[in-house]
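Read-outs throughout are calculated quantities, based only on the coordinates presented, and are distinct from any laboratory measurement. Just so it is clear, the model here is predicted, and its values are computed rather than measured. Cβ placement follows ideal geometry from the backbone for every residue including glycine, while neighbour counts extend to all protein chains displayed.
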Amino acid sequence: MEYNKQLYNSINKIASKYEELNAKLQSANISFSEEKEIKIQLKGYHQVVSEFEKFKHLINEGLETEKMLSNQNASLDIEFVELAKKELDEIKSKIPSMEIELKKMLLPADPNKDKDVIIEMRPAAGGDESAIFVTNLFDTYKRYCDSQKWTISVTELVANNFGYNYISFIVKGKNVYSKMKFESGVHRVQRVPFTESKGRVHTSTITVSVLPKLDEIDYKINPNDLRIDVYRASGAGGQHVNRTESAVRITHLPTGIVASCQEGKSQIQNRETAMAMLKSKIWFHLSQQQKQDQDKMRKSQVGTGERSEKIRTYNYPQNRITDHRINLTLNKLDMIMQSGDLSEIHSQLLANEQTEQIKKLNF
């Protein structure tokens, strides 16, 4: 019977380790810190070991049935033999899907999976039409966040007469980064602008940056490397906005990275938000540098990962949205933009990401 023996043996070792840890946990000679560490390890192993037990039982059942059929003699009832063959076929059909699930459980966990995110959106090519689409897509994101029971806090907004020249906001909630990370990249829109008198379709682009919001322990910044400027906030807000220097801009001098916030009610609040954004931007900058160095050392199956080209196209005349990373096309652009339902796109992107990661496992 065919099954992935290397995968089986690898997880069997994990199961043995799981049993050893359980036995050690029962010992009276372990300290509190050791007990705490063992429980953490057991929790990490539990799901894969539990699923492996089902897989192991299935394999054993299949091997026993196969052995019985190979040693069959005239005394075995024909009807019984046919039933055994049918059961063996059912077992064989279950093995591939169970192996895929086990491989998924062995994938390294994304350390940023449960983090909140900082999102920045900017017009790119297309002038006013590009700024309008920043506004449109931001509205879609708001609806999507509402449906996921996430909260949005705008940190900075620069508007023009048509839309947004820049907007940054923080999204908080469960599994935010694991879904919204797929929005990072160049978004292309094809439609007839309201300023177009001849009805011609124009192509515009905007950029979306999605960064994990880091905890205090994730990255330490030397205060001597910072330049902090305060200024008067612009936009709505009444006399308070015009008369007080509540907006804050922080520049990280070694990298030139800048983060600013003007939407808070006080300079202190804006400073805290800007600092959180700055840490995430620096982390992203350093991680991208590291990734580039790694990519130079090996040929990646999926290219460099630096996506300077479009990741998604929004074609209004054809009511079509296409995600180019997975060649997914949905002919319901109007429904997605109005409802904010990006779930179908994100679920397929996640499935593709897991498939690519599984390919890199040595099983």
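Of all the options Ile14, Ile152, Ile326, the one that moves most in a Gaussian network model of the chain with Cα springs shorter than 10 angstrom is Ile14. Toward the positive end of the charge dipole of the chain, about the Cα centre and with charges on Cβ (Lys, Arg +1; Asp, Glu -1), which of His187, Val176, His202 goes farthest? Looking along the dipole axis, the top candidate is His202. For a straight C-alpha distance cut-off of 15 angstrom, the aspartates and glutamates reachable from Lys94 (same-chain residues fewer than eight places away being disregarded) are Glu2, Glu51, Glu53, Glu61. In terms of the mean number of neighbouring beta-carbon atoms within 10 Å, the peptides 20-32, 167-179 order highest first as 167-179, 20-32. Compute the Kirkwood hydrodynamic radius of the chain, taking the inverse of the mean of 1/r over all pairs of distinct Cα atoms, and give it in Å to one decimal. One over the average 1/r among Cα pairs gives 24.9 Å for the chain. Taking a point 7 Å out from the Cα of Gln338 in the direction of its Cβ, the residues of region 181-206 whose backbone N falls within less than 20 Å of it are 190-194. Counting beta carbons within 10 Å around each of Cys145, Cys261 and listing the fewest first gives the order Cys145, Cys261.
With 27 Å as the limit, the listed pairs Lys149/Lys265; Lys142/Lys174; Lys149/Lys360; Lys179/Lys310 have Lys149/Lys360 beyond it between alpha carbons. Full extension of the chain between Met68 and Glu2 yields a length gain of 22.1 nm, computed as 0.36 nm times the residue separation minus the alpha carbon distance. Ranking of Trp283, Trp150 by neighbouring Cβ atoms within 10 Å, starting from the fewest: Trp283, Trp150. For a straight C-alpha distance cut-off of 19 angstrom, the aspartates and glutamates reachable from Lys332 (same-chain residues fewer than eight places away being disregarded) are Asp139, Glu183, Asp323, Asp341, Glu344. Lys67: which lysines have alpha carbons under 16 Å from its alpha carbon, excluding same-chain residues fewer than 8 sequence positions away? Cα-Cα hits under 16 Å: Lys85, Lys86, Lys92.
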